[in-house]
Amino acid sequence: MKRIERVGAIIKILSDCPNKPFSLGYFCKIFNAAKSSISEDIQTAKNIMNTMELGLIETTAGVGGGVKFVPYISDKNAEELLNYLCNKLKESNRILGGGFLYTSDIMFDSNVVKKAGEIFAKKFKDSGADYIATIETKGIPVALMTAQMLNLPLVVLRRESKISEGSTVSINYFAGSSERVQKMSISKRAVTTGSKAIIIDDFMRAGGSVKGISDMLGEFDIEVTGIGVMITSTIPKQKKVKDYTPLIYLGEVNEDDKTIDVFPNCQIFCKKDL
């Protein structure tokens with residue numbers, strides 16, 4: 001293969017498997033090329049990705065060294081995504097009875113949740129987590145994308161245990177500002193005691209569900225090292241959890257005027273390091 005062909009293939013292989021390390025020997029074998037040539041190819045690929053702000057290619061030296069692709073989203077692209085979400089959420093036909101909003105089309109939009117996953121991956125890349133955790137159902141897509149970007153397994157907590165999960169642990173928790181008691185369960189095989197996890201969810205009002213997930217993980221002595229939420233309501237102001245990162249803030253939903261107050265978390269794109 002010509003050098004330009006190898007560079008293109010290297011970028012494709014690395015970007016398809018974010019945060020997965022590959023040895024130089026792996027590329028030497030599939031391209032039948034010397035390590036010196038592969039090293040030059042990787043440096044070229046790194047320069048291209050940096051210049052275009054498409055992601056970071058990192059290399060480590062030594063016997064166990066290698067190369068990996070680290071997802072990166074620029075402040076400009078993050079701002080564009082959050083503004084796009086705000087404009088979509090302001091559509092008056094999203095208002096449902098009781099002041100709720102229809103968000104399924106957004107939460108299941110693969111392009112949107114992929115970019116949201118890149119933002120959360122950038123935020124939590126140094127968290128040392130072993131898992132991404134969420135609760136069914138609408139939080140699964142963005143949690144899965146975040147898990148892919150960080151090369152971590154996804155753990156989905158269920159509201160009702162399934163026989164296919166095997167032995168499970170269940171807890172009751174207070175959901176939302178209404179303080180309704182709900183149940184969630186997790187398979188004992190899904191996690192390892194003493195590990196770390198990041199919680200990702202689609203929406204948070206008072207933080208009851210996220211607190212429930214944290215309490216459930218605590219049953220396995222799992223430390224929560226980060227919390228990311230797509231949309232967070234500004235009401236109530238006092239949440240049941242702290243140190244969370246929302247992408248969008250949802251204010252008042254006026255059913256009479258058909259207006260929705262929504263604005264981005266500008267800290268996502270106003271700070272160089274999230």
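The values are calculated or read from the model by the stated rules, or taken from the named source; none is laboratory data. These numbers were taken from a predicted model, which means no experiment stands behind them. So basically every Cβ, Gly included, is an ideal-geometry build from the backbone, and we count neighbours across all protein chains shown.
Among residues of the stretch 249-267 being touching a residue at least 24 places away in the same chain (Cβ under 8 Å) and of a type in the set (S, T, N, Q), the one that is surrounded by the fewest Cβ atoms within 10 Å (Cβ to Cβ) is Thr259. Is there a residue being without any contact (Cβ under 8 Å) to a residue 60 or more places away in the chain and hydroxyl-bearing (Ser, Thr, Tyr) anywhere in the stretch 220-231? No, every residue in the stretch 220-231 fails to be without any contact (Cβ under 8 Å) to a residue 60 or more places away in the chain and hydroxyl-bearing (Ser, Thr, Tyr).
Anything in the stretch 23-56 that is among the hydrophobic types (A, V, I, L, M, F, W, C) and under 19 Å from Met1 (Cβ atoms)? List them, or say none. Of everything in the stretch 23-56, those that are among the hydrophobic types (A, V, I, L, M, F, W, C) and under 19 Å from Met1 (Cβ atoms) turn out to be Leu24, Phe27, Cys28, Ile30, Phe31, Ala33, Ala34, Ile38, Ile42, Ala45, Ile48. Tell me, yes or no, whether the stretch 102-115 has at least one residue that is farther than 19 Å from Met149 by Cα and charged (D, E, K, R). Looking through the stretch 102-115, at least one residue is farther than 19 Å from Met149 by Cα and charged (D, E, K, R).
Annotation note: of Leu82, Leu14, the sole residue that is touching a residue at least 60 places away in the same chain (Cβ under 8 Å) and of a type in the set (A, V, I, L, M) is Leu82. Of the residues making up the stretch 129-163, those that are more than 14 Å from Ser209 (Cβ to Cβ) and buried (at least 17 other Cβ atoms within 10 Å of the Cβ) number 17.
Annotation: of all residues in the stretch 89-111 being in a helix (DSSP H, G or I) and out of contact with any strand residue (DSSP E or B) (no Cβ under 9 Å at 6 or more places or on another chain), the one that is modelled with the lowest pLDDT is Gly98.
On inspection, Leu152 qualifies as of a type in the set (A, V, I, L, M, F, W, C) and either under 21 Å from Glu58 (Cβ atoms) or in contact with an Asp or Glu (Cβ under 6 Å, 6 or more places away or on another chain) (or both).
What's the number of the only condition in (1) buried (at least 21 other Cβ atoms within 10 Å of the Cβ); (2) under 23 Å from Ser233 (Cβ atoms) that Ile186 fails to meet? Of the numbered conditions (1) buried (at least 21 other Cβ atoms within 10 Å of the Cβ); (2) under 23 Å from Ser233 (Cβ atoms), the odd one out for Ile186 is (2). If you check Leu82, Leu89 for being among the hydrophobic types (A, V, I, L, M, F, W, C), crowded, with 18+ Cβ neighbours inside 10 Å and touching a Pro at 6+ places or on another chain (Cβ under 7 Å), only one passes: Leu82. Flag: Met230 matches the condition of being crowded, with 21+ Cβ neighbours inside 10 Å and closer than 21 Å to Met145 by Cβ.
For the stretch 97-111, what are the residues that are over 19 Å from Glu252 (Cβ atoms) and touching a helix residue (DSSP H, G or I) at 6+ places or on another chain (Cβ under 7 Å)?
Narrowing the stretch 97-111 to residues over 19 Å from Glu252 (Cβ atoms): 104-111.
Answer for the stretch 97-111, where residues must be over 19 Å from Glu252 (Cβ atoms) and touching a helix residue (DSSP H, G or I) at 6+ places or on another chain (Cβ under 7 Å): Ile106, Met107, Phe108.
Scanning for something assigned to a helix (DSSP H, G or I) and surrounded by fewer than 16 Cβ atoms within 10 Å (Cβ to Cβ), does the stretch 56-72 turn up at least one residue? No: zero hits. Note on the stretch 164-183: among residues that are of a type in the set (D, E, K, R) and exposed (fewer than 15 other Cβ atoms within 10 Å of the Cβ), the one that is nearest to Ser214 (Cα to Cα) is Lys183. Only one residue in Leu81, Leu14 is in the same structural domain as Asp202 (by TED's automatic domain parsing), part of a helix (DSSP H, G or I) and within 25 Å of the chain's Cα centre (by Cα). Which one? That would be Leu81, the only listed residue that is in the same structural domain as Asp202 (by TED's automatic domain parsing), part of a helix (DSSP H, G or I) and within 25 Å of the chain's Cα centre (by Cα).
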